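Shown below is the structure under consideration.
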2 protein chains.
Amino acid sequence: MKVTINDVAARAGVSIKTVSRVINNEPSVRPATRKKVMDAVSELNYQPNLAARNLAGTRSYTIAFIYDNPNAYYVIDMQNGILEACKARGYELLIHPSNAGSPTVHRELQDLVEHSKIAGLVLTPPFSETQSVIDTVKRLEVDYVRIVSSEAALEDEGNCIQVDDSAAAYDLTRHLLQHGHRRIGFLCGGEEHVSTHGRLDGYRRAMQNAGIIVERELVLKGEYSFDSGVNGAKKLLQSDNPPTAIFASNDEMAAGALFAARLMNIAIPEQLSIVGFEDSPFSRQTWPKLTTAHQPNNEIAKCAAALLLSRTRGKATESGSASKEAGIKREFTPELVVRDSSGPAPVEIMNDE
Amino acid sequence: MKVTINDVAARAGVSIKTVSRVINNEPSVRPATRKKVMDAVSELNYQPNLAARNLAGTRSYTIAFIYDNPNAYYVIDMQNGILEACKARGYELLIHPSNAGSPTVHRELQDLVEHSKIAGLVLTPPFSETQSVIDTVKRLEVDYVRIVSSEAALEDEGNCIQVDDSAAAYDLTRHLLQHGHRRIGFLCGGEEHVSTHGRLDGYRRAMQNAGIIVERELVLKGEYSFDSGVNGAKKLLQSDNPPTAIFASNDEMAAGALFAARLMNIAIPEQLSIVGFEDSPFSRQTWPKLTTAHQPNNEIAKCAAALLLSRTRGKATESGSASKEAGIKREFTPELVVRDSSGPAPVEIMNDE
DNA sequence: CAGCGTTATGACAGCGCTGTCATAAAGAAG
DNA sequence: CTTCTTTATGACAGCGCTGTCATAACGCTG
């Protein structure tokens, strides 16, 4: 809005094209010239005009973030992470809340890509795991990065930032097992989320490794919501042989489970242990505070955006493609955070060991 | 990215300038011509290219949303509301998370305004209430709308969307009074927030109208956080003459108060009533669910953005300035939502009435 | 229907940048 | 030191739109 490429060129005593070359890291600029330009840039505090860049070149300096997630903490963390990566590289972010269930998603995506020149898309669950959405994105031939549960990355590793739900769930379950729990209930998230299956898998593996056969009625379908946590926990706790611990597939469900236990006058963690998943802020705002697995959403998102951007600038980076993705972590395993909602299994009916 | 103003012009058989006139609602276009153009626009599904618009005209089609709020629900609601308003009018949103405390805010704002051509700013608390920030914004001569507590709007009504914290707090307090509470503790939000003062004022007025003199030690300073709620409630409850109800200045603090009560084995609402403020999602995820005041953040934000946009398009709207702001609500009073954390005052020491 | 004030429309430049292509400078080779 | 490459730099058009200004069409009046 103020200082333009012309000002920089004048100051550096070169043509605007040369300035353009420097700020875009293109080759064929003598070091001395490059330095002159860089100096002018910083002296004038020049920043290229995004609108002009988007309009002129074939490249785009805008990426879009598509989300549909009822969990505000999750979205904000992700968004801030993406924003950081964008700012670092001079990109702009287009925010697009949408509705995974609705049939208009595909049309929305198409409009988005066709109307605004977009360098790429960051997809988070549930979009990143919905095959039809991915198909649409591929058909539109737009670059993208998906944040997904490791299980879902298989065919598409280059475009994925993976979260190892299974490994984290394994750790969480082991934590309960080490506290002597043998009957551990599991509340599933929504079927449509791959993370649901990953977390269940981790739980199953841990149980199996401990030599425990998981009874059918201990694993309940549900979805990633508070109410689902309440209902699931109620069902488990009202059964003839209730578990001594409950693995809720996310913190919100765990909060629901806590709520249900409270309704039924069950003391946490004395009579029942509950663990969540994600380490969202409100896992610290329940009573008692939740044992959970810390999922670094902010960093995950930052890496996803960085990965996307590392590709679009492509062509002319100095040090070759090898270094381009340096420092971009591609797989995350949420780490166990022990707080107050889990403890030793109550000692009453000791029928094994 | 696909169909441009040229295509529309060709199809409608007019010059691109005429198309420009139509899509910008400028005068001096014959109805017949206008119709031809409109038809072409919809047949081709034309959408003006934002980058080009931003680059060419003096107008800008980008507004920015500045926030610094630890409450993710609040931010997301606001953001979605703003986004709706933007989409409806073909504007773009620039998201700018920042840090109200940091001294760099002013520089950030300046960079934002100087580097990207910005049509206006939507400011939410705490920025919208920080005088130095407002001064900076005014100095930069950029249009803006502030979302503020009614008390803060005085001098600047035209630029404010007001939330009547005082009235809502009055209602909330009355609710407690009607349940027979006489000793009602009040946990303040951060001093720097005007809403803190508005809420306190509403509480004070209600108490006064009920003929109750509020003792000093019943009103505690704090900030809008869970921990602050925990600490404040503890202090109140450990005093010699504890209150029978606590007014927490937001839901997060109320959740904290609930937590403290739980620690001290105080039954809610039997022994103690607690109310929050805002009706954020987690007011439904506590045990028991919170009585609170519903603050329609999404709509508030939508109106704020709509107000901002109603001005920037200015000049050439058909029906004059009167209709421009039609339907834009400018003041909101959060409404009482009674849930389970409030109830009749316990009957023990009846020393007055 | 000439003569005037409007109102409607279009030609054209230019926003700040990038892509293409031509040209200048520098190196390599003979 | 001439010729041929290679590398470095610049002139210029044009992205899709809006602003300015000139011109064309219209609508009155006498």
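The values are calculated or read from the model by the stated rules, or taken from the named source; none is laboratory data. Quantities reported herein were computed from a predicted structural model and do not represent experimental measurements. Methodologically, a virtual Cβ is constructed for each residue, glycine included, from the backbone with ideal geometry; neighbour enumeration extends over all protein chains shown. Accessible surface is based on the protein model in full, side chains and every heavy atom, while ligands, DNA and RNA are left aside. Shrake-Rupley method; radii C 1.70, N 1.55, O 1.52, S 1.80 Å.
Along the charge dipole of the protein assembly as shown, Cβ charges K/R +1 and D/E -1, which of A:Met78, A:Val113, A:Ser128 sits furthest on the positive end?
The one lying farthest along the dipole's positive direction is A:Val113.
Name the residues of region A:113-155 whose accessible area, probed at 1.4 Å, falls by at least 30 Å² once all protein chains are in place instead of their chain on its own?
A:Glu114, A:His115, A:Lys117
Give the percent of DSSP beta bridges with both residues in chain A that are antiparallel, rounded to the nearest 5.
10 percent
Could you give me the ³J(HN,Hα) list for region A:39-55, computed from phi with Karplus coefficients 6.51, -1.76, 1.60 and θ = phi - 60°, whole Hz, x at Gly and Pro?
Per residue, the Karplus-derived 3J(HN,Hα) values read 4, 4, 4, 6, 5, 8, 6, 6, 9, x, 6, 5, 4, 5, 4, 5, 6 Hz.
Can I ask one more? Just to be sure I understand the interface: list residues from region A:279-307 that lose 40 Å² or more of accessible area between the chain on its own and the complete protein assembly, 1.4 Å probe.
Listed in order, they are A:Gln285, A:Trp287.
Name the long-range amide H neighbours of A:Thr62: under 5 Å, sequence gap of 5 or more, or other chain; modelled H, no Pro or chain starts.
A:Glu92, A:Ala119
Same structure, new question: Pairs B:Lys35/B:Lys329; A:Lys117/A:Lys138; A:Lys117/B:Lys87; A:Lys87/A:Lys329: which exceed 22 Å Cα-Cα? Don't jump to the answer; show the numbers that get you there.
Numbers: B:Lys35/B:Lys329 32 Å; A:Lys117/A:Lys138 16 Å; A:Lys117/B:Lys87 17 Å; A:Lys87/A:Lys329 19 Å.
Pairs exceeding 22 Å: B:Lys35/B:Lys329.
I've got another one for you. Per residue, how much accessible surface does chain A expose to a 1.4 Å probe? Answer in Å², no decimals.
In whole numbers, chain A has 44 Å² accessible per residue.
Using a loss threshold of 40 Å², tell me which positions in region B:259-274 are less accessible in the complex than in their chain alone. Probe radius 1.4 Å, ligands and nucleic acids ignored.
B:Phe259, B:Arg262
Which of B:Leu272, B:Thr173, B:Val148 sits farthest toward the positive end of the charge dipole of chain B, with +1 on the Cβ of Lys and Arg and -1 on the Cβ of Asp and Glu?
B:Val148
Continuing with this model, one more query. Kindly identify chain A as rounded, prolate or oblate by the Cα gyration tensor criterion: order the square roots of the eigenvalues as a ≥ b ≥ c, call it rounded if a/c is under 1.5, otherwise compare a/b with b/c, prolate if a/b is larger, else oblate.
Note, shape of chain A comes out prolate.
Of the accessible area of region A:166-294, with the probe set at 1.4 angstrom, what percent is carbon plus sulfur?
Here carbon and sulfur together make up 46 percent of the probe-accessible area.
If you don't mind, there's one more thing I want to ask. Assigning unit charges at the beta carbon (Lys, Arg +1; Asp, Glu -1) and nothing else, what dipole magnitude in debye, to the nearest 20, does region B:5-48 show about its Cα centre?
So the magnitude is around 200 debye.
Can you list residues from other chains, or at least 5 along the same chain, whose modelled amide H is less than 5 Å from the amide H of A:Phe186?
Under 5 Å from the amide H of A:Phe186 lie the amide H atoms of A:Val219, A:Leu220, A:Phe247, each far enough along the sequence or on another chain.
While we're looking at this one, here's another question. Working with all protein chains in place, sort B:Val275, B:Val214 by solvent-accessible area computed with a 1.4 Å probe, largest first.
So, going from the largest accessible area down, we get B:Val214, B:Val275.
Using alpha-carbon pairs under 8 Å, 6+ residues apart, how would you state the relative contact order of region B:169-309 in percent?
22 percent
Quick check: from the Cα gyration tensor, does region B:167-294 come out rounded (a/c under 1.5), prolate or oblate?
Rounded shape, in that the Cα axes give a/c under 1.5.
Next question. Buried accessible area for the A:B pair, summed, 1.4 Å probe, in Å² rounded to 100?
So the total buried area for this chain pair works out to about 3800 Å².
Kindly provide the helix-only [θ] at 222 nm of chain B, computed as the sum of -39,500 (n - 2.57) over DSSP H runs of four or more divided by all residues, to the nearest 500 deg cm²/dmol?
Mean residue ellipticity, 222 nm, calculated: -13500 deg cm²/dmol.
Can you work out the Karplus-derived ³J(HN,Hα) for every residue in region A:154-170? Use 6.51 cos²θ - 1.76 cosθ + 1.60 with θ = phi - 60°, whole Hz, and x for glycine or proline.
Working through the residues one at a time gives 1, 6, 9, 4, x, 9, 10, 10, 9, 10, 7, 4, 4, 4, 5, 5, 4 Hz.
Express the carbon and sulfur contribution to the solvent-accessible surface of region A:5-48 as a percent, rounded to the nearest whole number, probe 1.4 angstrom.
Reported share for carbon and sulfur atoms: 51 percent.
I would also like to ask the following. Roughly what % of DSSP beta bridges within the protein assembly as shown run antiparallel, to the nearest 5?
Bridges in the protein assembly as shown are about 10 percent antiparallel.
For the protein assembly as shown, rounded, prolate or oblate, judged on the Cα gyration tensor with a ≥ b ≥ c (square roots of eigenvalues), a/c < 1.5 rounded, else prolate if a/b > b/c?
Working: a/c = 2.06, a/b = 1.34, b/c = 1.54.
Because a/c hits 1.5 or more and a/b fails to exceed b/c, the protein assembly as shown counts as oblate.
Between B:Asn25 and A:Arg330, what FRET efficiency follows from the Cβ-Cβ distance if R0 is 45 Å, with the result rounded to 0.05?
0.40
OK, next. What ³J(HN,Hα) values, in whole Hz, does the Karplus curve 6.51 cos²θ - 1.76 cosθ + 1.60 give for region B:329-342 when θ = phi - 60°, with x put for Gly and Pro?
Taking θ as phi minus 60°, the curve returns 6, 10, 9, 10, 10, x, 9, 4, 10, 8, 10, 9, 8, 10 Hz for region B:329-342.
Now for a different question. Of B:Ile212, A:Ala32, A:Ala305, which is farthest along the charge dipole of the protein assembly as shown in the positive direction, counting Lys and Arg as +1 and Asp and Glu as -1 at C-beta?
Toward the positive end, the furthest listed residue is A:Ala32.
Using the crude model of +1 on Lys and Arg Cβ and -1 on Asp and Glu Cβ, and no other charge, please compute the dipole size for the protein assembly as shown relative to its Cα centre, in debye to 20.
Values: 76 positive and 88 negative charges, 629 e Å.
The calculated dipole for the protein assembly as shown is roughly 3020 debye.
Find out how many positive minus negative residues lie around B:Arg339, taking Lys and Arg as positive, Asp and Glu as negative, among other residues whose Cβ is under 12 Å from that of B:Arg339.
Charge balance in the 12 Å sphere: -1.
Nearest 0.05, what FRET efficiency do A:Thr4 and B:Ser132 give at R0 = 45 Å with Cβ-Cβ as r?
0.90
For region A:187-244, which GluC sites (Glu not before Pro) pass both filters: DSSP loop (anything but H, G, I, E, B) and at most 15 other C-beta atoms within 10 Å?
Details: sites: A:Glu191, A:Glu192, A:Glu215, A:Glu217, A:Glu223; in loops: A:Glu191, A:Glu192, A:Glu215, A:Glu223.
Answer in residue order: A:Glu191, A:Glu192, A:Glu215.
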